[in-house]
Amino acid sequence: MMATLLTSNRTEGIGLMGKLWTRRRFLETAGLTAATTGINAHALKAISSAGSLTGRYLTHVSLLRVNQIEVTPTRSIGEDESADNSPARVRSRREAFARGCPDGRMTWGISWLALHDQRKEYQEARRLLASYHDRYGDEITFIPGGYFAPMYNSRDDIRKTIHDALGMVTTMVGGNYRPQSLVAGYMDAENQRLLAADEGVHVCQGQIWSQHGIDNGDGDGGICYPYYPSREHYLKPAQGPADFVDCVCLDGWTCDFLPARRNGFEGGFNSRLGVGPIEAVGNLGITVGRMEMLETTAIHFDRGRELNGFGFVTAIWELSVGHDEDLTAWLQAIRERWPDTKVITEGAFGEEWRRHNPDNSRLDYRFEERGTGAPGSEKNLEIKWFMNREFRLALLRDWTKNEPFTVIDFTRYDLKAAEPQGLQREWSLMNVLNQKGTRPQDRPVPLKSLPSDDQQRIYARYPALRGS
């Protein structure tokens, strides 16, 4: 069984393209259990403060909304989804999650319109979410801007919306409840800082790692595991006290690293392929799609855990997309293969990482993958990622030919960075070399072809790469 560590306070507990496409349009065209429940707060604190974070962690987020893309409180640019966000859908999702992980806790994100809608269906849906917090310890939080708030709204307006919405969530759940996280898709650095400083929320799902050329916003250039952002740019890890934002930034979707290197649907492949059901099962079918979800999970729970001490897998599933049976099957498969996996809320995971990491000084994530064989994840290719406070580096090669690695991404975080000040879809952080290949300089090169100072910067941290 999946293990879930519990504390007595469940709100604080942790558990053992030329033409832009949407994911939906692509599909249309592409045809730790009861044994540990007695742990007290003092013992939990002692466990948490000892050394580096270890274990396997999975977070699942489901969204309740009215419109597909509620970019501001008064403007929506997507489809009306109210029929697909019914109380029956809410119950079905929670039951599917429980069948896959009976003792797990999940996070629910609720949109602005879903908080305000006075139709009886939405009143009942809100009542259900509050009951799930009371019954299961689920986290109930807000999602601003339909994932894309900074692309469509000013920082000041986003700040006010978050403040008002979190107050409504507190009222909805009752008992002075406060979520530990915000689910945002993308969120600028200043609003992550204010989320912590003004609202007391120190975890934000604030980036969609590697997304570019899909949906309504672009944001490649960051780290796919937890970090504290810099005040300069939400994708840049804070370099020290002067630019430190005390808010743990989390990715929204775990993707297969090989498809993720592509821009949008380049070559007819979906760069968002991974543990999300739209891209996996919806496009590839049940057998291949579920296998891809599990193999993407394995990248983090097998070799990833060996390299990093812990593995983290996450995904946001909108109620409107369905796939409840795939959620159950995925969680059951994880329980069988990795029975020690802790299925907990976004806030609980972020706070657990935060307890082990007061700053970014220990950031040193590594990932290794050989293709799964799914479309865009070529079985003959091997990719290695290195992510730390100073830079991120990606190496790619055809391992079947014993070829040398080439650099497909080298993003320096020690360089000055700045977020857009106006409204635009491009919120990436790109400098030396980016995996998406959208600029003239973004072409794979041998490591020895990088400027000598960049080579020395890499070798100083990873001496084994010298001669690669």
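Look at residue 170 and say whether it is of a type in the set (Val, Ile, Thr) and over 22 Å from residue 426 (Cα atoms).
In short, yes.
How many of the residues in segment 322-368 are surrounded by fewer than 17 Cβ atoms within 10 Å (Cβ to Cβ) and under 26 Å from residue 140 (Cβ atoms)?
Result for segment 322-368: 3.
Out of curiosity, is residue 167 assigned to a loop (DSSP other than H, G, I, E, B) and surrounded by fewer than 20 Cβ atoms within 10 Å (Cβ to Cβ)?
No, not satisfied.
Which residues, counting only those in segment 97-112, are outside any loop (DSSP other than H, G, I, E, B) and either surrounded by 21 or more Cβ atoms within 10 Å (Cβ to Cβ) or at positive phi (or both)?
Matches in segment 97-112: 97, 100, 107, 108, 109, 110, 112.
Of the residues in segment 281-303, how many are hydroxyl-bearing (Ser, Thr, Tyr) and either closer than 16 Å to residue 325 by Cα or more than 16 Å from the chain's Cα centre (by Cα) (or both)?
1
Taking the options 321, 313, 343, name whichever one is in contact with a helix residue (DSSP H, G or I) (Cβ under 9 Å, 6 or more places away or on another chain), modelled with pLDDT under 95 and not polar (S, T, N, Q).
Just one listed residue meets the conditions, 321.
Looking only at segment 262-280, filter to residues that are surrounded by fewer than 23 Cβ atoms within 10 Å (Cβ to Cβ) and under 19 Å from the mean Cα position of the chain (by Cα); which one of those is nearest to residue 378 (Cα to Cα)?
Restricting to residues being surrounded by fewer than 23 Cβ atoms within 10 Å (Cβ to Cβ) and under 19 Å from the mean Cα position of the chain (by Cα), the top hit is 262.
Tell me which residues, restricted to segment 53-67, are polar (S, T, N, Q) and crowded, with 19+ Cβ neighbours inside 10 Å.
Result: 59, 62, 67.
May I ask you to say which residue of 432, 407, 445 is touching a strand residue (DSSP E or B) at 6+ places or on another chain (Cβ under 6 Å), within 30 Å of residue 190 (Cα to Cα) and not charged (D, E, K, R)?
Step by step, each of 432, 407, 445 is checked, and only 432 is touching a strand residue (DSSP E or B) at 6+ places or on another chain (Cβ under 6 Å), within 30 Å of residue 190 (Cα to Cα) and not charged (D, E, K, R).
Inside segment 180-298, counting only helices (runs of 4 or more DSSP H) that do not spill past its ends, which hold 1 or more residues that are out of contact with any Leu (no Cβ under 7 Å at 6 or more places or on another chain) and of a type in the set (Val, Ile, Thr)?
281-284
Those residues that are closer than 14 Å to residue 249 by Cβ and over 13 Å from the mean Cα position of the chain (by Cα), I need them from segment 206-227; list them, please.
Across segment 206-227, the qualifying residue is only 221.
Of all residues in segment 180-227, which are over 24 Å from residue 272 (Cβ atoms) and touching a Gly at 6+ places or on another chain (Cβ under 6 Å)?
If the condition is that a residue be over 24 Å from residue 272 (Cβ atoms) and touching a Gly at 6+ places or on another chain (Cβ under 6 Å), then 180 is the only one that fits.
If you scan segment 238-271, which residues turn out to be of a type outside the set (Gly, Ala, Ser) and closer than 17 Å to residue 434 by Cβ?
Answer for segment 238-271, where residues must be of a type outside the set (Gly, Ala, Ser) and closer than 17 Å to residue 434 by Cβ: 255, 257, 258, 259, 261, 262, 263, 266.
Tally up the residues in segment 133-154 that are aromatic (Phe, Trp, Tyr) and either assigned to a loop (DSSP other than H, G, I, E, B) or surrounded by 24 or more Cβ atoms within 10 Å (Cβ to Cβ) (or both), please.
Total satisfying the criteria: 3.
Taking the conditions exactly as written (within 26 Å of residue 188 (Cβ to Cβ) and touching a helix residue (DSSP H, G or I) at 6+ places or on another chain (Cβ under 9 Å)), does residue 419 satisfy them or not?
yes
The values are calculated or read from the model by the stated rules, or taken from the named source; none is laboratory data. Because the structure is predicted, anything quoted here is derived from the model rather than measured. So basically every Cβ, Gly included, is an ideal-geometry build from the backbone, and we count neighbours across all protein chains shown.
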